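The structure under discussion appears below in the form of structure tokens.
The values are calculated or read from the model by the stated rules, or taken from the named source; none is laboratory data. Quick caveat: nothing in here was measured; it's all calculated off a predicted structure. So basically every Cβ, Gly included, is an ideal-geometry build from the backbone, and we count neighbours across all protein chains shown. The accessibility values were calculated without ligands, DNA or RNA, using every heavy atom of the protein model including side chains. Shrake-Rupley method; radii C 1.70, N 1.55, O 1.52, S 1.80 Å.
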Amino acid sequence: MSSLTSTVRTALPARHVEAPTYVFESNADASRHVAQQIAGIIRERNSLGRSATLGLVAGSSPIGVYQELVKIHAEHGLDLSNVSIFIVNEYYGVEPDRLQSLRRWLLENFVNKTNVRVENVHFFESNLEPKLLESYCRRYEEEINLAGGIDVLLLGIAGNGAVGFNEPYTSKSSRTRLATLDYQTRMDAASLFFSETNVPTHGLTMGFGTMLEARKIVVLAFGDRKAAVIQRALEEPISEDTPAGWLRVHRDVSFIVDKNAAAALQDVATPWRVRSVEWDDNLIKRAVLLLSEESGKSLLKLTDSDFRAHGLHTLLRDVGSATVVSERVFTQMMETIAIHPCGEDKKKVLVFSPHPDDDVISMGGTMIRIVDDGHEQHVAYMTSGNIAVNDYDAHRIGDLIAEIDREFGDHDTNEAAGATDLAEIIETRVIAPLLSKEPGDIDSREALDLKRLIRWSEARAAARVCGIPEERVHFLNLPFYDTGAVDKKPASDVDRELVYNLIESINPDVIFVAGDLTDPHGTHRVCALIVFAVLKQMKEEGKKIPQILLYRGAWQEWPLDQIEIAVPLSPRDAEKKRKAIFRHASQKDGALFLGGDTREFWQRAEDRNLETAAAYNRIGLPEYYAMEAFVHWDGTTDF
């Protein structure tokens, strides 16, 4: 049997925080580290003839840990047969076999892929009568005690500071109980239930008092969306409005975060305020841009006194006067402005769009500029986006197709050929299942296919607005996405092969990839990693690697200090971009997966583009109507 060796890149301990915190380059590195820790504890207990007891959560934060544990079990013989597991929380009233059940999630993503014995897994009974819940929750805690207590408690942290279903203003001494779900928790779960109205109002959860009795606690937080809550939980005084802060008092707790989740910590965001630093170009740019924002002055108006008043005297000492430093940053920012984003020499350009509307939402104005500059622009829609189509849109389009078939179909020919009537197919296999399904159920295959075609037709129409001909519009329909549910399959060789073949056939000079990783469903991340894996493979094969640019805009924008290319948009560009977004009619009014931001996608995009231009103007650069921003991919960094 081969020995298990660590493949984790070194983490950076975060200083000046109130609990041990380790910042990893990526969530993959962090997940491997935690999985190896847990595996070590399980092996230690096995060697002593004892069982390890784990407290586990479901969801996107721990999925990488479970995948690594499954891998260690399969490839390195980790024996989990004696492990006991207690689930941390569960939605109240959700049947165990429902897609939204956290019990089902943990079984499918971890337990059933290892030799964990199901009888050793303790789930919450989510359908008990209310009068039985209090005694049941006491028994749940008694079972934890009978198992010897929890050795490792693996937790996530919600954007509102909740842990499990311990919502804001939960007491530190709370025990296992039925909890009322916070509005933000229900909004965050809306995509899983296909509507906020379908999300349960209550959930069963371990309390903080229960959690703090575990021997070891590991808290996971990944991605930009967790940056603000991690900062509050680790740096601000403990308060009940950010209950995750209570975990800081545990004797053996560690917060495991990636660089994106750590972005708001002082040690990462403003390290010069808490320790000595070596001033490189990136740190100088960040510090001076922040100084400009905090002082309300444009770059070229900053004085030595401004630098000293904001704790930047060491920057003046090490680099030069305010004039020298400010002019340096001013020049760097001016150089980011690109009227012609792909240059003036004719190029082939390929935009990868995770969903059928991410391209125009995030960089529609730039696509219009690229076409106007005469480049050969292609766009590849990586997934069908079918689960984001409301049932009423599918019903409406289905009705239309059925009526067209009845009005114009050649039914005599169909009957002669033994063909099935199209109107009958639509009515029996699409409309009837849509009308009879329960909230959150997976659609019929035919309904999913109709929803896919709706998204495809909208994407073609939007591409036409941007001036992209149909032969340069590509639909990859990557298999990892095609589950009909919010949870997706892991990316496979088939997904990567489809992307590889497209890149090879087009042979682009420039590729745009979505780097908008606050997408709450993770599709953007998966799609980006597929493209990155293909490009790394091509590099190993000695093939030409095009210039790679990352865009954002659907959920967030690049911070000003990170922007490397900023494309100015005229009012005409912005209006045309809006029209392209409007072609995605199924997403315009009441889109399913807006997250916590209730603005429509076109409003989000327009507001961000206007704000980017305004931010450039505030630091003293030319005034533009709107701007879209990009960064280069360095060829190594993963999300």
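Quick notes on this one:
- Value of Rg to Rh for region 297-400 (Rh from inverse mean 1/r over Cα pairs, i.e. Kirkwood): 1.28
- For Leu181, distant residues with modelled amide H under 5 Å away: His202, Gly203
- Cα gyration tensor of region 208-273 - equivalent ellipsoid semi-axes, whole Å, descending: 22, 13, 11
- Options Ile431, Gly553, Ile361, ranked by Cα towards positive dipole end of the chain, top entry (Cβ charges): Gly553
- The Rg/Rh ratio of region 105-155, with Rg taken over Cα atoms and Rh as the Kirkwood radius over Cα pairs, comes to 1.01.
- For region 88-214, the calculated P(r) over all alpha carbon pairs, in 5 Å bins from 0 to the bin holding the longest distance, is 2, 10, 19, 24, 22, 15, 6, 1, 0 percent.
- Intensity falloff of region 183-324 expressed as log10 I(q)/I(0), Debye formula with alpha-carbon point scatterers, at q = 0.17 Å⁻¹: -1.01
- Among the protein heavy atoms of region 150-242, carbon and sulfur supply 51% of the accessible surface, probe 1.4 Å, non-protein parts ignored.
- Check: the chain dipole with +1 on Lys, Arg Cβ and -1 on Asp, Glu Cβ, in debye: 1880 debye
- Accessible surface of region 275-409, 1.4 Å probe, proportion on carbon and sulfur as whole %: 49 percent
- Kirkwood-Stokes translational diffusion coefficient of region 249-367, alpha-carbon pairs, 4 °C, 1.567 mPa s, µm²/s: 73 µm²/s
- Applying the Karplus relation 6.51 cos²θ - 1.76 cosθ + 1.60 with θ = phi - 60° to region 296-310 yields 3J(HN,Hα) values of x, 10, 6, 4, 7, 9, 6, 10, 4, 4, 4, 4, 5, 5, 10 Hz, where x marks Gly and Pro.
- Estimated [θ] at 222 nm from DSSP helical runs (n ≥ 4, -39500 (n - 2.57)) normalised by residues in the chain, nearest 500: -12500 deg cm²/dmol
- Residue among Leu291, His375, Ser126 farthest towards the positive dipole end of the chain, charges placed on Cβ: Leu291
- Placed amide H near Val351: partners under 5 Å, 5+ positions off or other chain: His378, Val379, Ala380, Phe512
- A simple charge model with +1 on the Cβ of Lys and Arg, -1 on the Cβ of Asp and Glu and nothing else charged puts the dipole of region 523-633 at about 420 debye relative to its Cα centre.
- Region 449-574: projected area of the alpha-carbon convex hull, averaged over directions, in nm²: 9.5 nm²
- The convex hull built on the alpha-carbon positions of region 323-458 has an orientation-averaged projected area of 14.0 nm².
- Glu95, Glu376, reordered so the largest accessible area comes first (probe 1.4 Å): Glu95, Glu376
- Cα pair distances exceeding 20 angstrom across region 140-202, given as percent: 38 percent
- 11 Å beta-carbon shell around Gly343, net charge (K/R +1, D/E -1): -2
- Taking only the Cα atoms of the chain, the ratio Rg/Rh comes out at 0.99, with Rh defined as the Kirkwood radius.
- Our coupling estimate for region 177-189, obtained by passing each phi through the Karplus curve with A = 6.51, B = -1.76, C = 1.60 and θ = phi - 60°, is 6, 8, 10, 7, 7, 5, 4, 5, 4, 5, 5, 5, 8 Hz, Gly and Pro reported as x.
- Average projected area [Cα convex hull, region 1-153], square nanometres: 10.8 nm²
- Max-minus-min Cα coordinates of region 159-238 on each principal axis give 36, 31, 20 Å, with the largest extent listed first.
- Listed by number, the DSSP H helices of the chain that run 15 Å or longer by alpha-carbon position along their axis and have mean Kyte hydropathy of at least 0.0 are 63-76, 281-295, 322-334, 358-372, 493-506, 523-540.
- For Gly156, distant residues with modelled amide H under 5 Å away: Gly164, Leu220
- Ordering of 229-240, 345-356, 551-562, 490-501 by packing [mean C-beta count within 10 Å, highest first]: 345-356, 551-562, 229-240, 490-501
- The order of Tyr624, Tyr169, Tyr136, Tyr183 by accessible area, most exposed first and with a 1.4 Å probe, is Tyr169, Tyr183, Tyr624, Tyr136.
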